[in-house]
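Each remark here refers to the structure printed beneath this line.
The values are calculated or read from the model by the stated rules, or taken from the named source; none is laboratory data. Please read all numbers here as calculations on a predicted model, not as lab measurements. As a convention, Cβ positions derive from the backbone with ideal geometry for all residues, glycine included, and neighbour counts pool all protein chains shown.
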Amino acid sequence: MKSEQPIHVWMPNVRGNSGSDVFIERLAEGLRDRGVTVTVDWFDRPFEFVPELLALRRAPADVNVIHANGLNAFAFRRHGLPLVVSEHHYVLDPGYRQFKTRVQHLYQLTITGRSSKRSFAAASMLVSPSRFTRRVLMAVAPTTPQATIPLWVDTERFSPAADSQRRPGPLRVLFVGNSSFRKGADVIAPLAERLGHGFEFLCTGGLRGGADESAAASVRHLGRLSVDELVAAYRDCDAVLVPSRYEGFGYAALEAMACAKPVVAFACGAVDEIVDDGVTGFMLPIGDIEGTAAAIRALADDSSRAAAMGRAGRARALAVFSESSGIQAYLDLYRQLLQGTSRGSVA
C-alpha cells in the first residue's frame, strides 16, 4: 500500500494584529501536533501596500502546499504549488460598507480589496469560516473552488474555571474587541448607563488591545492581555457581550462558550451560526440596546439559567467547533489538493 505524501505547508502572511493572525497560529500549532511540517513567515504591515514584492520571496525547501490570506496570497502563485487562501470576511461586501468609515472604505477599495480579488482568482481553494462568509465570496469568486471550515479554539485552554459559581457582587460582563463601530464598542457606555448599579463591564481588545475607552464608572479597562490573561478574563466574568454589527465568524463568542459563559450578542453575520439563541445565550437585533440590557438583566436575575446557558455553550463548542475536526478538515483539504482530486465546492 502506497504511503501518504508528507505535507509541508508554508504560511506566508502579512501580520495584521487581528483574528486572522490568531487563526494562522492556531492552525500551525494544530497541524504540527499532527506531525505536519509547517513554516510560518510573518511580513510587516507595510507589505499590504505592495504585496507584489512578496513574489520575490522563495518558498522553503520541500514545501508542497502554500496557505496564505487574501492580503497577499496571489504573490505566491508563481511557485506552481497548491494555493489555499483563507478569507474571514470580505472587506468589500456591500453589507459591510455601512459599518466602516469613508477612509476605511477607500483604503480597502484601493488596497486590501484589490489584493483579495487577485488572491481569490489565484486560489486553488478559497476557504471561509462560516456559511455567511461563503455566501458573500460565492458572489465575488463564483468560479473559484470553495470550502467552509469553521474556526475553533483550544477547548483545553479555553475552559471553565474549577469553581464556576457566580460570586457575590455586580454581574460582570466582558467585552473583547477593538474600539470600532463594527465591533460595537460604542454600545458599552449606553448599556452601562441603562443598567446602572449591580453591573460591571470589563473591556479589552484581547490580544490586539485597544478596547473602548468609556469613562463610565461601571466600565473597567483591562488593556492588552496575553492568551492566559484572556482565558482568566473569560473565567472571571459572568457573561460575554458580543455587540458586533458585522462578523465573518466571531472568535469572542466561541471563546466565551468554550469557557462556559452565556453570550449576549447582536444577530449579525456569522455570530448566529455560533450562538444558539435562547440556549447558549441571547441574540438581539443589531443596535437594540434596550433589548440587550434586558437580556443582561435576565442573566443577573436568574443565575441558574445563566449557568445552564454556559454549560450548553461549552457542550456546543466541543461538539461543533472542536480543534480536532477543524485540523482534520484542513489535512483532508491539503491531501485532496496534493492528489489533484479537489473539484469544485466543498461543504
Scanning for something among the hydroxyl-bearing types (Ser, Thr, Tyr) and at pLDDT 95 or above, does the range 38-46 turn up at least one residue?
yes
Could you say which residue among TYR234, TYR251, TYR246 is farther than 25 Å from ASP163 by Cα, among the aromatic types (Phe, Trp, Tyr) and assigned by TED's automatic domain parsing to the domain that holds ARG182?
TYR246
Can we say VAL263 is within 14 Å of the chain's Cα centre (by Cα), closer than 26 Å to GLU193 by Cβ and among the hydrophobic types (A, V, I, L, M, F, W, C)?
no
Within the range 236-252, can one find any residue that is touching a Gly at 6+ places or on another chain (Cβ under 6 Å), part of a helix (DSSP H, G or I) and modelled with pLDDT of 95 or more?
no
Select from the range 59-78 the residues that are surrounded by 22 or more Cβ atoms within 10 Å (Cβ to Cβ) and of a type in the set (S, T, N, Q) and write down the one among them that is nearest to SER20 (Cα to Cα).
ASN69
Of (1) modelled with pLDDT under 90; (2) under 19 Å from the mean Cα position of the chain (by Cα), PHE175 fails just (1)
Helices (runs of 4 or more DSSP H) lying entirely in the range 79-176 (those with 1 or more residues that are crowded, with 19+ Cβ neighbours inside 10 Å, touching a residue at least 60 places away in the same chain (Cβ under 8 Å) and outside the structural domain of ALA233 (by TED's automatic domain parsing))
113-122, 131-140
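Just checking, how many residues over the range 218-233 are among the β-branched types (Val, Ile, Thr), at pLDDT below 95 and outside any strand (DSSP E or B)?
Within the range 218-233, residues that are among the β-branched types (Val, Ile, Thr), at pLDDT below 95 and outside any strand (DSSP E or B) number 1.
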Going residue by residue through the range 293-315, is there one that turns out to be outside any helix (DSSP H, G or I), under 22 Å from ARG131 (Cβ atoms) and either in contact (Cβ under 8 Å) with a residue 40 or more places away in the chain or of a type in the set (Gly, Ala, Ser) (or both)?
no
I need the full set of residues from the range 285-315 which are loosely packed, with under 14 Cβ neighbours inside 10 Å and closer than 13 Å to LEU195 by Cα, in order please.
GLU290, ASP301
Just to be sure, is ASN13 at positive phi and within 17 Å of the chain's Cα centre (by Cα)?
no
For residues that are closer than 16 Å to PHE49 by Cα and part of a loop (DSSP other than H, G, I, E, B), tally how many sit in the range 61-78.
3
Just for the range 35-76: of the residues that are out of contact with any helix residue (DSSP H, G or I) (no Cβ under 7 Å at 6 or more places or on another chain) and among the charged types (D, E, K, R), which one is farthest from SER115 (Cα to Cα)?
ASP62
Picked from the range 316-338 (must be without any contact (Cβ under 8 Å) to a residue 60 or more places away in the chain and surrounded by 15 or more Cβ atoms within 10 Å (Cβ to Cβ)), the residue nearest to ASP276 (Cα to Cα) is ARG316
Residue check for GLY278: at pLDDT 95 or above and loosely packed, with under 15 Cβ neighbours inside 10 Å:
yes
With respect to ALA260, is the statement that it is on the phi > 0 side of the Ramachandran plot, touching a residue at least 12 places away in the same chain (Cβ under 8 Å) and in contact with a helix residue (DSSP H, G or I) (Cβ under 7 Å, 6 or more places away or on another chain) true?
yes
Would a scan of the range 210-230 turn up a residue that is under 22 Å from ARG157 (Cα atoms), in contact (Cβ under 8 Å) with a residue 40 or more places away in the chain and either within 16 Å of the chain's Cα centre (by Cα) or surrounded by 20 or more Cβ atoms within 10 Å (Cβ to Cβ) (or both)?
yes
